[in-house]
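The values are calculated or read from the model by the stated rules, or taken from the named source; none is laboratory data. Worth saying up front: this structure is predicted, and the values here are computed from it rather than measured. All Cβ positions, even for glycine, are placed from backbone atoms using ideal geometry, and neighbour counts span all protein chains on display.
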Amino acid sequence: MAGSFVLLEGGPVRDHVYADLASRIQRLRSAGRTPTLATLVVGDDPASLSYVRGKVSAAARLGIDSRQEHLPADAGEPAVSERLDAWNRDPGVHGILVQLPLPPGYDTAHIQQAVMPSKDVDGFHPMNMGALALKGFEPLFVSCTPAGVMRMLHFYDIVIAGARAVVLGRSNIVGMPMSLLLTRADATVTVAHSRTRDLPAVCREADILVAAIGRPAFVSAGMIKPGAVVVDVGINRVGDRLVGDVAFSEVREIASAVTPVPKGVGPLTVAMLMHNVVVAAERTG
Ligand SMILES: NC(=O)c1ccc[n+]([C@@H]2O[C@H](COP(=O)([O-])OP(=O)(O)OC[C@H]3O[C@@H](n4cnc5c(N)ncnc54)[C@H](OP(=O)(O)O)[C@@H]3O)[C@@H](O)[C@H]2O)c1
């Protein structure tokens, strides 16, 4: 595959998403329906605070309004539910985001169900996840990171239908919805995880390999089918550097296309969140 390598950068895809959203946001604002995202942070996890700041400032740049609530770690579930109920009832709030992880002691699944499905812009509500899994149903929202990966694959004209895809990781927020989206797009999908036997051989079957395990540089050249497309969802802090789940420099020698970390999938997660907020606001018309 020498000479045909493609670096799957997220920036151009994000710009494409934002260019489409700009006119839609303009229309909504002119109609007095400014798209509004409400964010809830519980506790003082620095990474969570920084992620929410990033989302709020991306929203502001696009003309999406934000409401923010920051509760102390010991606020308790009734206080969280009360805040979410108020936003569920507020017609001026179109999307609600509860930043994860919640501090120890909170029932994450229970809190995710407290966001009404029509404002669940993270796509984590079991009704939205269930609809994604079921033929004949359409989720109101799809989880942002896997939705961003699909945008990436379409943007770079990667053929999905009929491809063998391997999704490494089966989490609720990335691996599982990723495998469902690829299945919906007619790939033949294998989900691999920490109990998978002979993982390298499974990965070498993949025309499209999506790595979402949270293990720095875990996916080596020996796990790649020549010419495969490799999507690295991992974000791991190693010293002062961000490293993906893929050993980029060796894998790029074998693959036909790889996403970098940073500047690959990362920017698309926020872009798809903004997309979901705009869709939520449009539905209120
Ligand atoms: N780009 C973005 O915007 C974005 C968004 C979300 C997450 N991420 C990153 O994506 C990565 C995954 O996130 P997550 O939330 O899905 O993580 P997670 O909830 O910790 O799930 C990790 C998954 O990887 C599997 N796994 C772990 N070690 C493995 C190994 N050695 N071999 C095979 N499978 C293994 C686990 O298997 P079991 O199920 O068997 O335990 C699990 O299914 C992290 O680096 C995270 O920071 C990035």
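Among the residues of this structure, L21 does not count as one that is closer than 21 Å to S118 by Cβ, in the same structural domain as A114 (by TED's automatic domain parsing) and buried (at least 16 other Cβ atoms within 10 Å of the Cβ).
Note on region 127-142: residues that are of a type in the set (A, V, I, L, M) and in a helix (DSSP H, G or I) total 5.
Checked against the criterion of being part of a helix (DSSP H, G or I) and among the polar types (S, T, N, Q), region 70-85 contains one or more residues that satisfy it. Which residues, taken from region 202-228, are within 10 Å of the ligand (Cβ to nearest atom) and either in a loop (DSSP other than H, G, I, E, B) or surrounded by fewer than 16 Cβ atoms within 10 Å (Cβ to Cβ) (or both)? A212, I213, G214, R215, P216, F218 - these are the residues of region 202-228 that are within 10 Å of the ligand (Cβ to nearest atom) and either in a loop (DSSP other than H, G, I, E, B) or surrounded by fewer than 16 Cβ atoms within 10 Å (Cβ to Cβ) (or both). Give me the pairs: first residue in region 223-249 and within 16 Å of P146 (Cβ to Cβ) and at pLDDT 95 or above, second residue part of a loop (DSSP other than H, G, I, E, B) and away from the ligand (no atom under 14 Å from the Cβ), beta-carbon distance under 6 Å, and six or more apart or on different chains, which are they? Final answer for the pair search is V229/I158; V230/A255. The set of residues in region 262-285 that are in a loop (DSSP other than H, G, I, E, B) and either more than 16 Å from the chain's Cα centre (by Cα) or buried (at least 24 other Cβ atoms within 10 Å of the Cβ) (or both) comprises G264, V265, T284, G285.
Going through (1) touching a Phe, Trp or Tyr at 6+ places or on another chain (Cβ under 6 Å); (2) away from the ligand (no atom under 15 Å from the Cβ); (3) in a loop (DSSP other than H, G, I, E, B) one by one, V121 falls short only on (2). Among residues that are at pLDDT 95 or above and either assigned to a loop (DSSP other than H, G, I, E, B) or in contact with a Phe, Trp or Tyr (Cβ under 9 Å, 6 or more places away or on another chain) (or both), T145 is not included. Do the conditions hold for L140, that is, is it in contact with an Asp or Glu (Cβ under 8 Å, 6 or more places away or on another chain) and either in the same structural domain as A187 (by TED's automatic domain parsing) or more than 16 Å from the ligand (Cβ to nearest atom) (or both)? Taking the combined requirement at face value, the residue satisfies it. Figure legend. Inter-residue proximity from region 174-201: first residues under 21 Å from D122 (Cβ atoms) and in a helix (DSSP H, G or I), second residues more than 8 Å from the ligand (Cβ to nearest atom) and among the hydroxyl-bearing types (S, T, Y), beta-carbon distance below 8 Å, spacing 6+ or different chains. Indicated pairs: P177/S143.
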